[in-house]
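Engineer: Dumping the structure here so I can ask a few things about it.
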């Protein structure tokens, strides 16, 4: 696979385990993105990051893991499916590496870390208009993110349409493919 293919960053919970439904969905997400010719980037560790990496690797995809060992000393190395590990010195730089190098972003189920990544991607999509840039597609999977995006768009009086909320990883991959293909 050419390393010139666009990168899709996928965020998600670190607590998912092989065999559970979220892990299996993450695996399918990574596989679908790799089969569509995208490089896949995650935070590089376990849970959904591993699931997405595993799915992409199983499809022959290029997997990037952006790790932060100084922030997560109990997670000393990237998961086994990462082909290219990029080490970030801080959590902020890790998030920005993932978002800044990606042509699209998908948020799978997660907690505060995933929410932070989603907010950074959404904010960058929002401010793109001020420089005339095209907003990077931001896609969320699941009812929790649909509620969060709706509440924040309303309460913060911001553009919720910059985030596409879908119900499945299949819809998320299809959305990214549609938005990134000419």
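Please treat every number below as a calculation from the coordinates, not as lab data. Everything quoted here is computed from the prediction, not taken from an experiment. Heads up, the Cβs are rebuilt from the backbone with ideal geometry, glycines too, and the neighbour counts pull from every protein chain shown.
Engineer: Out of all the residues in the stretch 125-169, which are assigned to a helix (DSSP H, G or I), more than 26 Å from residue 22 (Cβ to Cβ) and either touching a residue at least 24 places away in the same chain (Cβ under 8 Å) or in contact with a strand residue (DSSP E or B) (Cβ under 9 Å, 6 or more places away or on another chain) (or both)?
Structural biologist: Of the residues in the stretch 125-169, the ones assigned to a helix (DSSP H, G or I) are 125-131, 143-155, 160-162, 169.
Now narrow it down to the ones that are more than 26 Å from residue 22 (Cβ to Cβ): 126-131, 154-155, 161.
The one that is assigned to a helix (DSSP H, G or I), more than 26 Å from residue 22 (Cβ to Cβ) and either touching a residue at least 24 places away in the same chain (Cβ under 8 Å) or in contact with a strand residue (DSSP E or B) (Cβ under 9 Å, 6 or more places away or on another chain) (or both): 126.
Engineer: Output the number of residues of the stretch 83-114 satisfying the condition of being closer than 22 Å to residue 139 by Cβ, without any contact (Cβ under 8 Å) to a residue 40 or more places away in the chain and buried (at least 18 other Cβ atoms within 10 Å of the Cβ).
Structural biologist: First, the residues of the stretch 83-114 that are closer than 22 Å to residue 139 by Cβ: 94-114.
When the remaining residues are screened for being without any contact (Cβ under 8 Å) to a residue 40 or more places away in the chain, the result is 95-97, 100, 112.
Pick out the ones that are also buried (at least 18 other Cβ atoms within 10 Å of the Cβ) and you get 95, 97.
Selection size over the stretch 83-114: 2.
Engineer: Between 26, 61, which is in contact (Cβ under 8 Å) with a residue 60 or more places away in the chain, touching a helix residue (DSSP H, G or I) at 6+ places or on another chain (Cβ under 6 Å), surrounded by 15 or more Cβ atoms within 10 Å (Cβ to Cβ) and not in a helix (DSSP H, G or I)? Can you show your working first?
Structural biologist: Working: 26 fails: not in a helix (DSSP H, G or I).
Selected residue: 61, the only one of 26, 61 that is in contact (Cβ under 8 Å) with a residue 60 or more places away in the chain, touching a helix residue (DSSP H, G or I) at 6+ places or on another chain (Cβ under 6 Å), surrounded by 15 or more Cβ atoms within 10 Å (Cβ to Cβ) and not in a helix (DSSP H, G or I).
Engineer: Does the stretch 1-22 hold any residues that are under 15 Å from residue 111 (Cα atoms) and part of a helix (DSSP H, G or I), and which are they?
Structural biologist: Selection gives 22 alone.
Engineer: Here's a follow-up. Can you tell me which residue in the stretch 29-45 is surrounded by the most Cβ atoms within 10 Å (Cβ to Cβ), limited to those that are free of Cβ contacts under 8 Å to residues at least 40 places away in the same chain and in a loop (DSSP other than H, G, I, E, B)?
Structural biologist: 45
Engineer: Scan the stretch 46-57 for residues that are in a helix (DSSP H, G or I), surrounded by fewer than 24 Cβ atoms within 10 Å (Cβ to Cβ) and either out of contact with any helix residue (DSSP H, G or I) (no Cβ under 6 Å at 6 or more places or on another chain) or touching a residue at least 60 places away in the same chain (Cβ under 8 Å) (or both) and jot them down. Talk me through it step by step, then tell me what you get.
Structural biologist: Going residue by residue through the stretch 46-57, those that are in a helix (DSSP H, G or I) are 48-57.
From what is left, the residues that are surrounded by fewer than 24 Cβ atoms within 10 Å (Cβ to Cβ) are 54, 57.
Across the stretch 46-57, the qualifying residue is only 57.
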